[in-house]
Every structure is written in structure tokens, then in C-alpha cells.
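In what follows, a single structure is set out as C-alpha cells and then discussed.
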Amino acid sequence: MPREIPFYQVDAFTSHAFAGNPAAVCPLSAWLPDPVMQAIAGENNLSETAFFAPEGDGFRLRWFTPTHEVDLCGHATLASAHVLFSVLEPARTRVAFATRSGVLTVERAGEHLEMDFPSFPPSPLPEIPAALAAALGASPVATLAARSLVAVFDDAQVVRRLRPDLGAIAALDWSSVMITAPGDGIAGEADFVSRFFAPRFGVPEDPVTGSAHCTLAPYWGQRLGKSILRARQVSARGGELTCALRGERVGLIGDAVLVIRGTILLPSS
């Protein structure tokens, strides 16, 4: 008989189905071999599949793109907490996940969920890499570096319209690229907008990237003089979140919607 693994698909950073960023969530009682989890993530073919298993008073959480395990993922963390709070343990109001990026907590915040993540403020690069401008098809006004390369534009409409060369982005020295600009009032009065590309990790464009806001929020917070910021990722699906700056941590506040529930059947041998 095949082994059955629970499967949930959650749209994160949105209040309605078929928007935001879809993540697969697989709760486990014990860990599967890494190649099996990677194969499941490849089969799901979503930007991330999350696996969590009990550890101490909480859980250990891991994230896989279709091709790699990653160190940090916001939307699949939000999705995992949503599955716990809404399906598996509805009396729970807070969860601590042990991860490659330390302990990440998620708790109910009224009708929303709030994640506590590390802050990764970016540093300015002395010049704009010519290869980046060529890959994007437009020259940013500034380039920053943190865990990803950040291209800053003055116009939110430029961010919306760009059609980057994903092959050229994959060839850059950076594993992922964010593009960002101030909000223009079109995206629900967002303070800033962004998009995120990671083709080298099997994610051509990520619909809504929570971890990117660990870098974008400190940058825009300092630039705009705000500690609470409304953000919108202007991908085709689109999504929104609120960012709260707290020194070396960033609160990421958003919604999630369960859209699929099922079972993965693994061969018994």
C-alpha cells in the first residue's frame, strides 16, 4: 500500500482564492528523505512546498522550490501556520517554527496572521551592473545588495511593465533579483511595490515574496521615514502585506486562504 502524506495548497498574502502566492504544505509526523521531499516539490511545481514535523514544543519547518531547498520563505511559512490554525489545531494562536534562518514565530493578529522574521537591510552598490540593466531591459536609479540584488526605480508603472530576460537574470552572479519603486496610489495606496525573480531556483517570477520584504521594508522604512509600511507585489496574481520594522526583526502581516486539500501517495518501497 502507498504511504499517504497530507497535502494542502494555500494562497498566501491575499484574502481571496486564486490570488497571492500559492504554497503547498505537507505536515509530517516524521521526516521523509530529502530526495523524496525535493521530488514532491518538483511534482507540485509551485514556487515553494513546505514540510513541517513536530520538534520540542513547536515544529521544524523546511521549504523546497521545484529544484532546491531554500533558507527562508515567507509565503510558505504563512501558509503552514494557516493550515495549523485553521485545520490541524484550531485552538492554537501561536506557533514557533525552527528553521535554517532561526526560530520564526507566527501568531494570530485579529483577522490576520503576523510573522516575526529577521531583518536584512540592503547596502548600496557603487555602480549599477550593466548586465543587470540589460537583463531587466531598463536601467534602475540605484542598485542595492543583501541576500538578493535589488534594482530601485522611481516609477511603479515601470516595475509593473518590465518583461525581464529570465535567462540573463539566471546568468547573473546573484541567485535572485528584486525590482521595486514607490507606490503610486494604484495598488491600494501601497507605500512601495515590488516584483521578485529567481529563475536559477526554478522560480521564474514569484507572485508574492515574504522574505524579500525582510530587505525591502528596512530600505523603504528608512527612505520614507516610516516604521509601518503597506506593500504590494505587482506580479500577475498580485498580493499585499503590511511590514512592521522592529530593529533587527520585521513583522510581516498578511492573510491566507486554503484552496486545495488532498493526499500525496508515496510508493511503499
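Coordinate-derived values only; no laboratory data. Treat the numbers as computed from the prediction; the structure is a model and nothing was measured. Note: ideal-geometry Cβ built from the backbone for every residue, glycine included; neighbour counts use all protein chains shown.
Which listed residue (140, 194, 168) has the Cα farthest towards the positive end of the charge dipole for the stretch 123-245, taking +1 on Lys and Arg C-beta and -1 on Asp and Glu C-beta about the Cα centre?
194
Computed on alpha carbon atoms, what radius of gyration and Dmax characterise the stretch 123-245, expressed in Å?
13.1, 36
Can you compute the charge dipole magnitude of the stretch 123-245 about its Cα centre, using +1 on each Lys and Arg Cβ and -1 on each Asp and Glu Cβ, nothing else charged? Give it in debye, rounded to the nearest 20.
Roughly 200 debye, rounded to the nearest 20.
Comparing 103, 257, 25, which has the greatest mean-square fluctuation in the GNM of the chain with Cα pairs linked when under 10 Å apart?
In the Gaussian network model the winner is 103.
Sum -39500 (n - 2.57) across every DSSP H segment of at least 4 residues in the chain, then divide by the residue count to get the 222 nm mean residue ellipticity, nearest 500.
Details: 6 runs with 51 residues, N = 269.
Using -39500 (n - 2.57) per qualifying helix, the result is -5000 deg cm²/dmol.
Among the GluC sites (Glu not before Pro) in the stretch 81-161, which ones are in a DSSP loop with at most 16 other Cβ atoms within 10 Å of the Cβ? Mind listing them? Could you put the intermediate results ahead of the total?
Numbers: sites: 107, 111, 114, 127; in loops: 111, 127.
Of the GluC sites (Glu not before Pro), the ones in loops of the stretch 81-161 whose Cβ has at most 16 other Cβ atoms within 10 Å are 111, 127.
With only Lys, Arg, Asp and Glu charged, each at its Cβ (+1 for the first two, -1 for the last two), find how big the charge dipole of the stretch 71-128 is about the Cα centre; round to the nearest 20 debye. Walk me through the intermediate numbers first.
On the way: 4 positive and 7 negative charges, 43 e Å.
Rounded to the nearest 20 debye, it is 200 debye.
Step through the residues of the stretch 4-17 one at a time and calculate ³J(HN,Hα) from phi using the Karplus curve (6.51 cos²θ - 1.76 cosθ + 1.60, θ = phi - 60°), rounding each to whole Hz and writing x for Gly and Pro.
9, 10, x, 9, 10, 10, 10, 8, 9, 6, 7, 9, 9, 5
Calculate how steeply helix 34-44 sits against the longest principal axis of the alpha-carbon atoms of the chain, using the helix alpha-carbon long axis, and give the answer as 0 to 90 degrees to the nearest 10.
The answer is roughly 70 degrees.
Provide the gained length on full extension for the span residue 71 to residue 161, in nm with one decimal, where the gain is 0.36 nm per separating residue minus the Cα-Cα distance.
Values: separation 90, 0.36 × 90 = 32.40 nm, distance 2.96 nm.
Gain on stretching residue 71 to residue 161: 29.4 nm.
Excluding residue 198 itself, what net charge comes from residues whose Cβ is under 9 Å from its Cβ, given Lys and Arg +1 and Asp and Glu -1?
Combined, the nearby Lys, Arg, Asp and Glu give -1.
Quick check on the chain: what are the equivalent-ellipsoid semi-axes from the Cα gyration tensor, as sqrt(5λ), descending, whole Å?
31, 21, 16
Just add up the charged neighbours of residue 134: K/R +1, D/E -1, any other residue whose Cβ is under 15 Å from the Cβ of residue 134.
Here the count lands on -2.
When the chain is fully extended, how far beyond the present Cα-Cα distance does residue 109 get from residue 1, taking 0.36 nm per residue of separation?
Separation in residues times 0.36 nm, less the Cα-Cα distance, equals 34.7 nm.
Connecting C-alpha atoms closer than 10 Å in a GNM of the chain, tell me which of 210, 247, 202 has the biggest fluctuation.
Evaluated over the chain, the most mobile residue of the options is 247.
With everything on Cα atoms, drop me the angle between helix 74-83 and the longest principal axis of the chain, reported from 0 to 90° to the nearest 10.
So the inclination is approximately 30 degrees.
In nm, give the distance between the simple-model label positions of residue 15 and residue 248, each being 7 Å from the Cα along the Cα-to-Cβ direction.
3.5
Taking the Cα centre of the chain as the origin, how large is its charge dipole in debye, to the nearest 20, when only Lys and Arg (+1) and Asp and Glu (-1) carry charge on their Cβ atoms?
60
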